[in-house]
1. Report the full-extension gain for the segment K39 to K82: residue separation times 0.36 nm, less the Cα-Cα distance, to one decimal in nm.
2. Considering only protein heavy atoms and a probe of 1.4 Å, how much of the accessible area of the chain is carbon and sulfur, as a whole percent?
3. May I ask you to give the solvent-accessible area per residue for the range 23-114, in square angstrom, as obtained with a 1.4 angstrom probe?
4. How much of Y149 can a 1.4 Å solvent probe reach, expressed as accessible area in Å² and rounded to 10?
5. Pick out which of F90, F52, F36 has the largest mean-square fluctuation in a Gaussian network model of the chain, springs linking Cα atoms closer than 10 Å.
6. Please compute the contact order of the range 109-233 in relative form: average sequence separation of alpha-carbon pairs under 8 Å and at least six residues apart, divided by the residue count, as a percent.
7. Would you calculate the separation in nanometres between label points at D194 and T133, each defined as 7 Å from the Cα along the Cα-to-beta-carbon direction?
8. Using 1/(1 + (r/R0)^6) with R0 = 41 angstrom and r between the beta carbons of Q153 and S55, what's the FRET efficiency to the nearest 0.05?
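The values are calculated or read from the model by the stated rules, or taken from the named source; none is laboratory data. Being a predicted model, the structure only gives us computed values, none of them experimental. Reconstructed Cβ throughout: ideal geometry from the backbone, glycine too, with neighbour counts over all protein chains shown. Remember, those area values only see protein heavy atoms, side chains included, never the ligands or the DNA or RNA. Shrake-Rupley method; radii C 1.70, N 1.55, O 1.52, S 1.80 Å.
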Amino acid sequence: MKKIIVFLLFLSSFQAFSYTNGIDSVIREQKYQALFGQKALGQKDQKDLQLFLKSCDDSFSSRQEAAKFFAEKGWEYLGEGKLDTAAFRFNYVNALDANSVEAYWGLGVISFNRKDNELAIKLLEKGLSLDSTQSNLRVDLATVKLSCYQNQQACGDLKEVEELLAKSLHQDANNANAWMKRCQVAYYSGKIEDAWTYFHQCRQLDILQLDINFSQFLLEKMPDPKGFFKLKE
């Protein structure tokens with residue numbers, strides 16, 4: 001599926017993890033919080049939700065069909081960087097279909113971009129529990145846990161990240177983004193030769209998923225075995 005890596009460039013590779021420790025402190029209306037803040041809605045918001053559900057019942061053959069339609073809208077808003085609007089849509093998707101992987105996936109992406117790694121992990125793990133075949137979703141979970149490691153948070157470590165990526169690649173050996181993330185894990189683990197191998201695996205599969213800038217970090221440790229990349233002067 002498309003999702004985090006395709007839509008949000010600021011989630012890609014090394015630059016994705018420049019966040020400072022701590023959770024985004026912005027106070028948002030409940031409808032813009034993931035899963036409505038996991039609290040009962042106020043009277044007005046509840047009325048709006050019921051009107052929305054009735055409208056969907058009148059317009060779609062099923063709520064699952066409506067959920068798929070509005071999930072696509074949620075991803076569009078997310079791709080435009082409209083996180084609050086996207087969260088509002090994905091909350092409604094969840095109300096339409098409590099088993100929608102898209103809802104948990106989208107809200108997980110939003111939580112990550114709001115710098116709440118712990119909530120992002122819970123949401124992405126819930127999505128995986130609903131559909132364990134989603135290779136890209138597993139990579140995105142690994143991405144968040146790698147962010148935890150880089151920010152010295154207790155929500156993730158390199159072993160966890162590597163296990164997630166290995167399983168994702170077992171499901172889809174051509175997942176270029178998984179190879180790029182695995183390159184980073186190898187780099188942080190001091191396995192620079194392996195990191196280069198994974199870096200070139202990503203390059204060969206999909207150069208759009210390759211973080212060219214990350215090659216400079218590798219080059220500072222070891223020359224490119226294939227000779228493609230050189231240190232910038």
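1. Separation in residues times 0.36 nm, less the Cα-Cα distance, equals 13.2 nm.
2. 50 percent
3. Roughly 51 Å² per residue, with all protein chains present.
4. Accessible area of Y149: about 80 Å².
5. Result: F52 has the largest fluctuation of those listed.
6. Value for the range 109-233: 16 percent.
7. Reported label-point gap for D194 and T133 is 3.0 nm.
8. 0.50
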